[in-house]
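Here is the structure we will look at, set down as C-alpha cells.
Read-outs throughout are calculated quantities, based only on the coordinates presented, and are distinct from any laboratory measurement. Please read these numbers as outputs of a predicted model, since none were measured by experiment. Reconstructed Cβ throughout: ideal geometry from the backbone, glycine too, with neighbour counts over all protein chains shown.
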DNA sequence: ACCAGTAGTCAAGATGCTTGACTATGTATC
DNA sequence: GATACATAGTCAAGCATCTTGACTACTGGT
C-alpha cells in the first residue's frame with residue numbers, strides 16, 4: 001500500500017529543488033485539525049451504527065438543542081440558506097432522526113424535534129466526543145488543551161465584533177443581496 | 001412510537017425557556033474557527049480579483065509547492081480521490097492558474113506547475129494570510145496566539161501516530177477503502 | 001378586506017466529491 | 001523480446017450538498 005515511497009527519487013529529481021514544506025499558518029492548521037476531528041467523529045458515529053451520519057448533517061444537528069426548535073430559528077442560526085436547511089431536514093426526517101410538527105403558535109411555522117433515534121444518536125455523540133477529547137488531552141496535556149479551547153472560544157467571541165466592524169466600515173459587501 | 005407527540009406543551013415550554021445551548025466542545029470550536037478563517041480568506045481573495053478562488057481549490061493548492069509537483073504526488077498528499085484531484089486541476093487549468101506538462105522522466109506522469117497568474121494569487125494569498133493573522137494576534141495577544149498555533153501543530157504531529165495505532169491495533173471500521 | 005412581511009416548499013442547477021471502467025506507460029520476469 | 005502486473009492519468013456516471021428563483025400559505029397591521 002505504501003510502496004510508492006520507493007519511487008520518490010524520480011520525483012525529487014524532476015523538481016527544480018526539493019519539495020517545499022506544507023503550509024503552516026493558522027488557517028491551514030485550523031482546517032487540518034477540524035477535518036481530522038470531523039473524520040474521526042463521523043467514523044466513530046457510523047461505527048456505532050448511525051449510518052445516516054454525515055458531516056453536513058452533523059453541522060446542522062449541532063444547532064438544534066435537545067428540546068427542538070422552530071425551523072425558522074434553525075435557518076437563522078445556521079449559516080446556510082433555508083433551502084439547504086430544508087433539504088438536510090428532509091433527509092434527517094426520512095432517516096427517522098428528526099420529526100417536523102406544525103407549530104401550534106404559528107400556522108406558518110414548523111417545529112423540529114428529535115425522535116428517540118435522534119436522541120440516541122446525540123447520546124452516542126456525546127460519549128464519542130468525550131473519548132476524542134480525552135485523546136486530545138492525552139496528546140497535549142491538560143494545560144495546553146485548556147489553552148487551546150480558551151483561545152478558540154476567544155476567537156469565537158470576538159468574531160461578531162470583527163464582523164460588525166467590517167460591515168460598518170467597508171462597503172464591499174452590501175447586505176441588500 | 002410517537003409518544004413524544006403528546007408532549008407538545010413541553011416542547012413549547014422548552015422553547016420559551018431558551019434552553020438553547022450551542023455546542024462547546026473541541027470539534028465544534030475547531031469547525032467554527034476553521035470556517036470563519038476560510039470564509040474571511042476566500043472573501044479577501046475574491047475581493048483582490050481572484051474570482052476563481054474557492055475553498056475546495058484552496059485546499060488543493062495548499063498542497064502544491066511553488067515549484068510544482070507530480071500530479072501523482074499531489075494525489076498522494078491530498079486526502080481525496082485522484083478523480084477529485086483531477087477535476088479540481090481541470091478547473092484550475094481552465095482558469096489559467098495552473099499548467100499540466102508531461103513529465104520528461106515518466107511518460108505516464110504529469111507535472112503540475114503554477115502559471116504567473118497562479119503565482120500572483122499565491123503572493124496575494126500570503127499577504128492576506130498575514131493580515132488575518134495579525135487580526136487574530138490582536139484579538140488573542142501574542143502569547144495566546146502562539147499557544148494556539150503550538151497546540152494545533154502538536155495535534156497535527158501526533159495525528160499520524162494516532163492513526164498508525166488505530167489501524168495497527170483496532171479492526172473496528174471497515175469503511176470502504 | 002387588503003397587503004406587506006414571514007415561514008416554508010418546489011424546482012433547477014452548480015460544485016465538489018465518489019466509484020467504476022478504461023487507456024497508456026513503466027517495470028519486472030522469464 | 002514477450003508477457004504480466006503495477007502505476008499515472010482520464011472519462012463517465014452518480015450522489016450529496018448547497019445555491020438562486022419562483023411559488024404557496026399564513027400572520028399581523030391598517
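Between copies, the label points at residue A:126 (set 7 angstrom from Cα along Cα-to-Cβ) are spaced 4.9 nm, reported in nanometres from shortest to longest.
When both the range A:119-154 and the range A:20-75 are represented by their alpha-carbon centers, they are found 13 Å apart. Label-to-label distances for residue B:43 across copies, nearest first, come out at 3.4 nm, using points 7 Å from Cα in the beta-carbon direction. Here is how far apart the residue B:82 label points are across copies: 4.6 nm, shortest first, using a point 7 Å from Cα toward Cβ.
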